[in-house]
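Accompanying notes for the structure given below.
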Amino acid sequence: MSTSDTSYSVGQVAGFAGVTVRTLHHYDEIGLLSPSTRSHAGHRRYDDADLDRLQRILFYRELGFPLDEVAVLLDDPKADPQEHLRRQHALLTERIDRLRQMAAAVEHAMEARKMGINLTPEERFEVFGEYDPDQHAEEVRERWGNTEAYAQSQRRAASYTKDDWLRIKAEQDDWAARLTALRDTGAPADGEAAMDLAEEHRTFISRFYYDCGYEIHTGLACMYLADERFRAFYEAIAPGTAQYVHDAIVANAERATRRRG
């Protein structure tokens, strides 16, 4: 066979297939893939049939077959090229199924990390004190586990370090202190100052957890009253805070609607 445009050097084939020249030399030495011809200078030259065989070799290698078994499979006189493709397709499909199962297991493990707050017990106590953010994790998953907001929150929380959580907690505490001080002055929940704090609360959620629109924010406000655990969290700040926060959030959403109108 002549070294025409339909034949390729060992370097070219290595580049096509993403393997090393040394690998191709080894395949030649063990008789797994010997080039169909050589140049006048004695250099290996591969034709299209050689490339087809190399593709089948690499398929089986990717599937974990040892080289001796690959040789048996490829040199089986009863197997035709179509049979090789069917076998490889079946094996690849099986592997894809296994990988999907593995991915599902990893996702389950990730979810089990409960909102991605990956801190030691000591760090968790330092950051959150008596408040345990995992307390409501299961309910949150049940209510919003299939939503983009929940997925977004999971992704963000999983990336936060201890310092990030300390900063988030500090902002939350500062907001709660200003809210309490405002309420203690007798300012109404539907007043401008209270609504501004409600808007700050909404943007806080959007910055650190998920995109929180006014409809979502209002839904959260209702939950702060309806769910005893969330209500207890706000009441721990000061008695009546849950209702005040709820009313301010609702008023702020109505204000936003008026402004859009």
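Computed from the coordinates by the stated procedures, all read-outs in this text should not be read as laboratory data. On a predicted model such as this, the values are computed, not experimentally measured, just so you know. We place every Cβ from the backbone using ideal geometry, glycine too, and count neighbours over all the protein chains shown.
See the values below:
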read-out: Total residues in segment 20-45, condition within 22 Å of D75 (Cα to Cα) and part of a loop (DSSP other than H, G, I, E, B); value: 7
read-out: Matching option when the condition is under 14 Å from W175 (Cβ atoms) and either touching a residue at least 60 places away in the same chain (Cβ under 8 Å) or loosely packed, with under 14 Cβ neighbours inside 10 Å (or both), among I237, I249; value: I237
read-out: Residue under evaluation A226, criteria (1) under 26 Å from Q152 (Cβ atoms); (2) surrounded by 15 or more Cβ atoms within 10 Å (Cβ to Cβ), criterion not met; value: (2)
read-out: Residue that is nearest to K162 (Cα to Cα), among those in segment 208-261 that are hydroxyl-bearing (S, T, Y) and outside any loop (DSSP other than H, G, I, E, B); value: Y234
